[in-house]
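Structure first, then comments.
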Amino acid sequence: MDTLPKAKRIYLRKQNKITDYQLMKQLHEKEACDISFMCRELSISRAAYYKWLKRKPAVREIENEKLLNMIKEAASSNNSLFGSLTMTYYLRNRYGLCVNHKRVCRLMCIHDIVSNYRRKPSYHFKRSAPEITAENLLNRDFNANHINEKWCTDVTEIRIGNDRLYISPVIDLCDRYPVALCVAERNDTLLTNTVLNKAREAYPCARPLYHSDRGFQYTRAQFKTLLCDYGMTQSMSRVSRCIDNGPCEQYQGQLKEIIAVLYPDVRSKEEMIEAIYKANDYYINFYPQRRFKGKTAGMIRQEALANNDRADYPIRDNPKIIKYWNHIEELKTRSNTAQ
């Protein structure tokens, strides 16, 4: 028991006592066993037993029971996709509950409701010589107050047995909404061109900053010309810095997680393609976002469209990152002073 989480240990100790109390009550009623004798044998206080015998469920216990039923219902509906924090946002958004994430985490821990997760496969990339490159104009500024102001894209693979499919999304940084999504059997220029054209068809008046990594599909002169024709400005991540395209990487990870949890029995390419688009729809309409206070990307998109394409959900500064960079600057200052 010592290896279990603290909340689970406390719960089990309490349940063990209740089990002893119930056993004593049953033996006393059916076998007429002496209460004092049983208390001595089980090292239980008689006062504690009679207190349990007369107690009524507390208000919080009743609330926890209702909350647990909601958690179990949500977990059974999506094959336990959500962790405790995402589950909290789901409950707030779905039922309007004002519930703390620690309480949800404790209930999930006690009742062994564990989020399913996927195993991350290893990838092997082949380097290519780029025709052209672009500056990192985005510069990890993932804030955007208006939709269609900053788009980011990427290509990722997903495996079905020995086969592979390639997914290319276009994500709006304002509301993390997938403006376009394409799936193909080959990772080629047709895939990236198709998803760009699909995003263009969805929003023909958009003139966003179009950010990507330095994959061979994006470093072609033809792709640069296509962006210029659409009035879009190209931006690229630094070499070997996937964090420069963090939001798109995050979306791809969440999409794969949803697929792995909601559609674990996919066996063919056709089934996987269907699952990908269904998972994308689930992400848009049902997947709560921490940044948006539990709302989904689809909800924020509707708010923005009703508010002159504006959505005010700035990314909060991370104190740990700020502290880290301040520490780096201090080290640089010390080094310069010592020289």
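Each reported figure results from applying straightforward, stated rules to the coordinates on display, with no laboratory input. Here the structure is a predicted model, which is why all the values come from computation and not from measurement. Cβ: placed from backbone, ideal geometry, glycine included. Neighbour counts: every protein chain shown.
So, in region 114-252, how many Lys pairs have Cα atoms under 26 Å apart, if the pair is 8 or more places apart or on different chains?
Working: Lys126/Lys224; Lys150/Lys198; Lys150/Lys224; Lys198/Lys224.
The number of close lysine pairs in region 114-252 is 4.
Could you work out how far apart the two model spin labels at Val59 and Asp265 are, taking each label as a point 7 Å from the Cα in the direction of the beta carbon, and quote it in nm?
It is 4.6 nm.
Give me the percent of DSSP beta bridges within the chain that run antiparallel, rounded to the nearest 5. If you can, show how the numbers build up before the last one.
Working: 16 of 23 bridges.
Around 70 percent of the beta bridges assigned by DSSP in the chain are antiparallel ones.
Report the calculated FRET efficiency for Trp52 and Lys6 (r = Cβ-Cβ distance, R0 = 25 Å), to the nearest 0.05. Don't jump to the answer; show the numbers that get you there.
Numbers: r = 23 Å, r/R0 = 0.92.
The computed FRET efficiency comes out at 0.60.
Could you pull out every residue, at least 5 positions away or on a different chain, whose amide H is within less than 5 Å of the one on Val179? Hs are placed 1.01 Å off N in the peptide plane, and Pro or chain starts have none.
Those lying under 5 Å, H to H, from Val179 are Val170, Ile171, Asp172.
Could you give each residue of region 282-298 its phi-based ³J(HN,Hα) in whole Hz, using Karplus coefficients 6.51, -1.76, 1.60 with θ = phi - 60°, and x for Gly or Pro?
So the J values, rounded to whole Hz, are 5, 4, 5, 9, 10, 8, x, 10, 4, 4, 9, 6, x, 7, 8, 4, x.
Of Gln302, Ala275, Met232, which is farthest towards the positive pole of region 183-339's charge dipole, taken about the Cα centre with +1 and -1 on the beta-carbons of Lys, Arg and Asp, Glu respectively?
Met232
Strictly over 26 Å apart at the Cα level, which of Lys56/Lys293; Lys30/Lys56; Lys14/Lys102 would you flag in this model?
Working: Lys56/Lys293 36 Å; Lys30/Lys56 23 Å; Lys14/Lys102 19 Å.
Exceeds cut-off: Lys56/Lys293.
Once you keep just the Cα pairs under 8 angstrom separated by 6 or more residues, what percentage relative contact order results for the chain?
Working: 413 pairs, mean separation 56.9, N = 339.
Worked out over the chain, it gives 17 percent.
Is the shape of region 150-306 best called rounded, prolate or oblate, per the rule: a/c under 1.5 gives rounded, else a/b larger than b/c gives prolate, else oblate, with a ≥ b ≥ c the square roots of the Cα gyration tensor eigenvalues? The partial results should precede the final answer.
On the way: a/c = 1.68, a/b = 1.13, b/c = 1.48.
In terms of gyration-tensor shape, oblate.
Using the 10 angstrom Cβ neighbour count as an exposure proxy, how do Asp34, Asp112, Asp188 rank, fewest first? Intermediate results must be reported in sequence, preceding the final value.
Numbers: Asp34 11, Asp112 7, Asp188 14.
Ranked by crowding around the Cβ, least crowded first: Asp112, Asp34, Asp188.
Compute the distance in nm between two label points, each set 7 Å from the Cα along the Cα-to-Cβ direction, one at Ile321 and one at Lys30.
Between Ile321 and Lys30, the label points sit 6.2 nm apart.
Can you work out ³J(HN,Hα) from phi for every residue in region 60-69, in order, using Karplus 6.51 cos²θ - 1.76 cosθ + 1.60 and θ = phi - 60°, giving whole Hz and x for Gly and Pro?
With the stated coefficients, region 60-69 comes to 5, 5, 5, 5, 5, 5, 5, 5, 5, 5 Hz.
So if I place +1 on the C-beta of Lys and Arg and -1 on the C-beta of Asp and Glu, and nothing else carries charge, what would the dipole magnitude of the chain be about its Cα centre? I want it in debye, nearest 20. Walk me through the intermediate numbers first.
Values: 56 positive and 39 negative charges, 314 e Å.
Computed about the Cα centre, the dipole is about 1500 debye.
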